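Read-outs: derived from the displayed coordinates by stated rules, not from any lab. Model, not experiment: these values are computed from the prediction. Here the Cβ positions follow ideal geometry from the backbone for every residue, glycine too, while neighbour counts run over all protein chains shown.
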Amino acid sequence: MLIRILAFVCALATAAPAMAESLLPKFLAEVPAGQLVAGADAYGPPQTDPNVAPVLKAGETVAWVFNTSDFVSTTGYSGKPIHTLVAIDADAHVVGAALVKHSEPIVLIGIPDAKMKATVAGYVGLDLVAEAQSGGTAHELDIISGATVTVMVIDDSIVRAGLKVARALGLGGLAATSENQAPQFELNPDATAPADWMTMEGDGTLRRLSLDVGQINAAFAAMNDPRAAARALTEAPETTFIEMQAALVSHPAIAAAILGDAEAANVKTWLEPGDHAIAVVGRGLYSFKGSGYVRGGIFDRIVLIQDDISVRFRDRMHKRISGLAPEDAPQFTEADLFKIPADTGFDPTKPFRIQLLVQREVGAIEKVFTTFDLGYQLPPQYLRSIAPPPVAATDIAIPEENAAQQMLWKRIWTEKTPQIVITGGLLMLLTLVFFFQSLATRNARAFFWFRMGFLTFVLVFLGWYANAQLSVVNLMALFGALVNGFSWQAFLLDPLTFLLWFAVAAALLFWGRGAYCGWLCPFGALQEITNRIARALHVPQWTLPWGLHERLWPIKYMIFLGLFGVSLMSIEQAEHLAEVEPFKTAIILKFVRAWPFVAYAVALLMAGLFVERFYCRYLCPLGAALAIPARMRMFDWLKRYKECGNPCQSCANQCPVQAIHPTGEINPNECVNCLHCQVLYQSKTICPVVIKKMKRREAVGDAVPRDLTGHPNHLKPQPAE
């Protein structure tokens with residue numbers, strides 16, 4: 001039974017199977033050919049190598065359509081792919097582009113979906129041949145203020161995926177190049193680097209991008225937006241806007257020369273096999289880091305580009321540089337290391353560039369953008385040539401994206417070690433509380449403040465910081481996983497979700513649904529904390545009549561079954577209906593969302609001020625789903641007296657969620673294991689049974705004869721022999 005439950009719950013944890021079959025046929029059924037490509041009337045049968053489909057006009061192929069996520073990583077802020085349909089013609093021109101599916105939270109914050117789709121449609125006319133010749137910079141990037149990273153991911157995926165398809169099909173004269181036909185190089189570990197900064201600048205070990213205020217003002221003045229020119233910088237034209245320098249420090253000699261031997265050793269330890277790293281330093285009026293990474297975890301002002309590869313740096317790929325080793329190193333205001341993961345396909349022996357995004361405010365919330373490139377080519381003294389290995393005709397190449405999936409989860413677990421340790425400690429602490437609940441609940445006041453502190457930590461750390469909020473969407477995604485094949489790789493991509501679902505599986509056997517619903521659910525914690533604040537402010541509490549309360553219970557089960565039924569027909573529609581859960585609004589997006597969603601979440605919290613855990617009691621489909629197997633628990637941990645329910649009603653009257661029947665039985669489907677009944681079970685002032693026992697002991701004690709000192713006579717010291 002344990003193995004079955006663990007397998008079932010593990011399947012719930014993944015929101016989508018990794019490396020599932022292409023979604024292209026599904027998206028083609030949703031977007032008519034004429035809507036994607038002007039004049040087209042149908043699609044031809046999809047192909048599998050590559051994953052494309054012909055776009056037909058009067059039976060003739062006029063273009064080829066593909067989903068960008070089939071060819072490159074399109075992961076955005078949400079951690080989920082941004083799916084875009086793109087059609088290209090025989091000349092490698094984009095003739096159609098449509099945003100078909102995304103889960104970007106940034107787009108939900110005041111940015112209409114129509115605006116995003118219009119931006120994607122603006123890629124019609126893009127010349128991929130010119131992009132191949134320019135390294136992806138032949139077009140202007142039309143960024144939407146407030147969705148910078150999302151637009152950059154879409155732009156990157158359209159260009160990179162378009163080039164891959166064009167080369168695979170030989171469109172526009174583009175053709176895939178064979179790696180084995182050209183000389184190959186590798187890093188030469190025996191190479192040495194100069195010890196001084198100036199020499200490294202001179203021989204190309206360090207490369208520089210230097211821009212002054214005059215150049216920046218000229219760049220924005222050349223744009224077709226008079227607002228940008230009107231807000232020109234007022235500093236002297238020769239003032240340094242930014243001086244940015246970079247070097248490839250995954251080469252040991254360069255790392256030692258720039259960072260020093262000790263820090264170079266730390267970099268070597270930081271990098272996994274196949275990883276690389278660059279050092280970026282800067283000074284001037286403009287920061288190459290900005291502050292966006294603090295809010296969203298992504299450095300949105302720089303991106304590394306190499307051919308069809310682009311690497312966008314996240315906070316987990318970043319380390320600060322504490323000091324530079326060369327004595328003649330300039331004084332920089334920023335110095336940072338950025339990791340280039342092995343699964344990106346980056347080749348340190350080939351040229352690459354670091355693209356700097358420069359922004360200028362033109363309104364209260366509007367900005368315009370332009371880009372500048374810092375080109376880098378590792379000098380030849382750091383390289384050595386190697387003979388390419390022969391490729392057997394029977395060799396089968398592993399797709400780059402598949403290899404990336406195989407390595408990604410291990411790196412994520414390593415990078416999230418602190419969060420994993422904290423969450424593991426939290427689960428261990430809760431386990432000890434449940435196992436030793438009599439000891440934990442002995443002091444009512446101490447246990448109350450412990451519980452409030454625990455719930456606050458769950459809300460802030462698991463909820464608002466780590467976004468580890470489980471959802472009924474996980475349950476609905478189970479069926480997609482069963483159809484397309486369950487993948488442990490996808491499941492392991494989110495360590496905290498893994499740990500929580502494992503904890504839920506164990507809790508269902510030992511304690512039922514209450515371990516999660518009552519202790520580990522961030523939204524449940526938010527409800528209880530706000531209710532406690534309301535009680536402190538003397539907000540009246542409403543206790544619903546038992547008959548009405550019992551009839552409201554089934555609502556959450558009906559909601560869950562309804563979502564379950566819809567998911568059998570359309571998982572996407574079920575995900576939209578799952579907005580009945582306020583988790584995304586209150587926990588994931590922290591109430592920064594369109595007002596109807598915020599109003600709904602606030603209304604539920606307001607109801608919870610008067611009826612504690614109102615949403616948990618009557619509306620939560622996740623709680624209903626976890627309650628269904630709750631009766632399979634193997635133990636009854638909550639202690640009861642035979643007098644509970646008849647005649648005593650203390651626990652039933654004080655149960656925060658009214659999970660105790662008037663006859664005294666605890667309903668495991670509704671109990672959230674808050675342990676308040678166990679506090680009352682030992683209360684010397686509330687529980688009649690305990691009070692009666694105490695009085696009986698006192699009566700027995702009073703009946704024992706005592707001497708003048710107050711000691712019982714049978715304990716009076718005897719004289720010595």
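Quick look at the values:
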{"quantity": "Within straight-line cross-link reach of Lys164, lysines at Cα separation under 19 Å, skipping those fewer than 8 residues along the same chain", "calculated": "Lys350"}
{"quantity": "Cα-based equivalent ellipsoid of the range 198-309: semi-axis lengths in Å, sorted from largest, via gyration tensor", "calculated": "32, 18, 13"}
{"quantity": "Chain lengthening between Asp328 and Asp225 when straightened (0.36 nm per residue, less Cα-Cα)", "calculated": "32.9 nm"}
{"quantity": "Listed peptides 610-622, 573-585 by packing density, highest first (mean Cβ within 10 Å)", "calculated": "610-622, 573-585"}
{"quantity": "Radius of gyration and Dmax over the Cα atoms of the range 605-699, both given in Å", "calculated": "15.4, 52"}
{"quantity": "Estimated FRET transfer efficiency when R0 is 25 angstrom, pair Trp270-Thr192 (beta carbons, to 0.05)", "calculated": "0.65"}
{"quantity": "Computed lengthening from Lys115 to Ile533, 0.36 nm per intervening residue step minus Cα-Cα distance", "calculated": "146.4 nm"}
{"quantity": "Spin-label model distance (nm) - Lys319 vs Phe450, 7 Å beyond Cα toward Cβ", "calculated": "4.0"}
{"quantity": "Built amide H within the under 5 Å cut-off of Asp212, gap 5+", "calculated": "Phe241"}
{"quantity": "At R0 = 51 Å, FRET efficiency that the Cβ-Cβ distance of Asp91 and Met632 yields, to 0.05", "calculated": "0.20"}
{"quantity": "The range 554-567 - phi-based ³J(HN,Hα) in whole Hz, Karplus 6.51/-1.76/1.60, Gly and Pro as x", "calculated": "x, 4, 5, 5, 5, 4, 4, 5, x, 4, 4, x, 5, 5"}
{"quantity": "Distant-in-sequence amide H partners of Val55 (H built 1.01 Å from N, under 5 Å)", "calculated": "Gly44, Val62, Ala63, Trp64, Val65"}
{"quantity": "Paramagnetic reach from Thr234 in the range 269-291 [backbone N under 18 Å; point 7 Å along Cα→Cβ]", "calculated": "285-286"}
